[in-house]
Amino acid sequence: MAKEQMMTGCRAAAEGAKAAEVEVICSYPIRPYTAIMMELSKMVANGELNAEFVHGEGEHAQVSVVLGACASGARAFTGSSGVGVTYAMEVYSPMAGGRYPAQMSIADRTLDPPGDFGSEHTDAMSTRDQGWLLGWACSPQEVYDNTLIAYRVGEDHRVMLPQMVCQDGYFISHIPDKVTLGDQSQVKEFLPPYRPIGPLSTTHPVSHGPQIRPDQGAPMDAMRAQTFLAVPKVIEEATADFNRIFGRNYDPFVEQYKLEDAEIAFFIQGAHANTCRSSVDRLRSQGVKAGMARLRWVRPWPTHQLANALGHVKAVGVIETSTSYGGAMRGGNLIHELRASLYDLDERPLVTSFMGGLGGETIWPKDFDYMAKVLLQAVKEKKIRTYVQWLGM
Amino acid sequence: MAKELPGYGTINVPKDREVPFGAVTPAPVCTQDLFQTSNWRMKRPVKEDEKCTRCLVCYMSCPDACWEYKEAEDEMYWIANFCKGCQICIQECPTGALTAAPELDFPDGVVRLEKPF
Ligand code: SF4
Ligand code: SF4
């Protein structure tokens with residue numbers, strides 16, 4: 001049985017890729033995700049992992065290389081951070097449209113200008129409409145676990161989609177925490193080998209990525225949308241299997257912390273959920289019925305699961321960690337989708353949002369106390385005063 | 001939660017509009033009939049055979065492989081379903097055998113866009 005070790009999120013992502021026995025890796029350096037590639041290159045150099053390690057000339061090339069690798073039938077792995085994620089933007093839609101289930105491991109970083117090393121989710125959140133599976137981990141352990149879960153879901157023949165496995169830069173990527181790695185028999189039981197559909201072949205030649213006519217575009221889009229209708233069930237199955245085999249306890253879509261009797265709740269994804277959880281405990285010790293819903297997948301968005309988890313709460317505070325300048329609520333994007341998810345309930349919670357953890361800032365316990373105060377005031381007044389507030393501004 | 005929420009609905013792509021999964025198709029020996037690319041062409045090359053010396057410059061310069069030399073007939077053959085009308089062959093033809101004809105000008109009245117041929 002594998003034992004607990006201390007490791008960073010970057011090392012955990014590399015360990016996940018190694019456990020998945022990835023066959024092609026394409027790197028290009030950018031902080032903070034680079035450490036994933038440093039770990040993997042060591043593993044390849046030491047002969048612990050038998051993979052083709054390609055150094056791309058940029059992030060666009062990285063995603064293109066894994067596209068080609070996937071097309072030829074290899075399990076492929078790449079990753080990036082910040083502007084690296086956005087530089088590869090052109091290739092995301094072809095990856096998803098061509099149904100190449102490669103994985104991209106993201107350690108979030110604020111977008112330019114100017115260069116800010118801190119974590120912020122805007123980089124990967126900007127790709128959410130490109131047809132990838134997308135979700136955030138909140139610990140190095142979850143990074144390792146999500147790496148395996150995402151491959152299993154993405155490579156399922158009902159899905160065949162690329163995945164972005166995200167972790168907050170520095171908070172998760174560079175702070176060591178306890179991680180239990182699976183042993184090879186567990187990984188083998190959980191993750192079958194990648195079986196490509198119509199791979200490039202010298203004996204059965206195929207065409208990939210052809211030009212299509214405009215009248216073929218709509219069915220192509222519809223078939224991709226249809227796939228997303230099938231994904232939730234695959235995620236549920238994969239999570240249940242993962243929990244059983246590895247002895248974990250993940251909710252497939254939404255971690256629900258002390259929500260059953262909650263009056264106010266925080267809605268959050270990623271690293272700051274850890275401070276949020278302890279803040280919920282502190283608030284509860286002061287008599288405030290607080291709870292937390294933590295999103296594990298942004299795509300597919302768990303509409304009904306969120307309505308179920310949060311429908312009974314009186315007020316929800318969305319903690320954004322990413323920007324949507326000029327958007328409907330003038331803050332981030334999570335509030336738009338959460339409000340839409342709750343809209344059809346007969347009685348729905350009041351929903352406001354807080355811009356926090358931007359540019360790599362910490363969201364402190366006192367910030368959660370402040371947010372709780374705003375939410376309690378909304379409950380009392382039966383209305384929210386603003387759609388969004390910038391913490392500390 | 002008491003109330004039944006709306007679902008995501010279903011999507012049924014009509015059989016005759018289905019596109020191959022991931023747009024992956026068996027590689028064609030010559031042309032890929034599942035995905036044709038000619039319906040945004042505005043002009044097409046028209047050949048005056050008497051001027052054509054079979055030099056194959058058009059064959060080499062076409063980015064979409066739309067010129068073929070038919071050995072038996074000793075003739076340059078134009079592949080209509082994939083010519084995008086870029087007119088490179090017309091520019092490159094050393095004998096002036098190729099000219100650009102507006103697409104709607106077909107003698108049999110094929111109308112562009114309404115139905116890709
Ligand atoms: S017009 Fe362009 S695409 Fe058409 S045959 Fe000539 S070179 Fe090829
Ligand atoms: S380039 Fe002109 S002359 Fe040469 S083969 Fe083509 S049509 Fe004939």
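The values are calculated or read from the model by the stated rules, or taken from the named source; none is laboratory data. The structure displayed is predicted, hence computed values, not measured ones. In this analysis, Cβ positions are derived from the backbone assuming ideal geometry, glycine residues included, and neighbour counts consider all displayed protein chains.
Table for the structure above
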quantity	calculated
Residues of the range A:334-382 satisfying the condition of being closer than 23 Å to A:L134 by Cα and among the basic types (K, R)	A:R339
Of all residues in the range B:15-52 being within 30 Å of A:M220 (Cα to Cα) and part of a strand (DSSP E or B), the one that is farthest from the other protein chains (Cβ to nearest Cβ)	B:K43
Residue check, A:G73 surrounded by 24 or more Cβ atoms within 10 Å (Cβ to Cβ) and modelled with pLDDT of 95 or more	no
Checklist (1) free of Cβ contacts under 8 Å to residues at least 12 places away in the same chain; (2) more than 10 Å from every other protein chain (Cβ to nearest Cβ) applied to B:N12, failing item	(2)
Where a residue in the range A:145-157 is crowded, with 24+ Cβ neighbours inside 10 Å and its partner, wherever it lies, is of a type in the set (S, T, Y) and assigned to a helix (DSSP H, G or I), with Cβ under 9 Å and at least six apart	A:I149/A:T239; A:V153/A:T239
Among (1) within 14 Å of another protein chain (Cβ to nearest Cβ); (2) without any contact (Cβ under 8 Å) to a residue 12 or more places away in the chain, the one test that A:E237 misses	(1)
Extreme residue, nearest to ligand 2 (Cβ to nearest atom), among residues of the range B:44-63 that are hydroxyl-bearing (S, T, Y) and over 19 Å from B:A101 (Cβ atoms)	B:T53
Number of positions in the range B:53-97 that are of a type in the set (G, A, S) and not in a loop (DSSP other than H, G, I, E, B)	1
Counted residues, the range A:189-215 - those being more than 9 Å from chain B (Cβ to nearest Cβ), among the charged types (D, E, K, R) and closer than 25 Å to A:A71 by Cβ	1
Residue list for the range A:83-142, restricted to those being under 14 Å from A:T323 (Cα atoms) and among the acidic types (D, E)	A:D108, A:D112, A:E120, A:D123
Qualifying residue in the range A:144-158 (condition: within 12 Å of another protein chain (Cβ to nearest Cβ) and out of contact with any strand residue (DSSP E or B) (no Cβ under 7 Å at 6 or more places or on another chain))	yes
A:Y257 vs. criteria among the aromatic types (F, W, Y), more than 10 Å from chain B (Cβ to nearest Cβ) and more than 20 Å from the chain's Cα centre (by Cα)	no
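Okay, residues lined up against (1) under 29 Å from B:P20 (Cα atoms); (2) surrounded by fewer than 18 Cβ atoms within 10 Å (Cβ to Cβ):
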| residue | (1), (2) |
| --- | --- |
| A:A35 | no, no |
| A:K42 | no, yes |
| A:G58 | no, yes |
| A:R99 | yes, no |
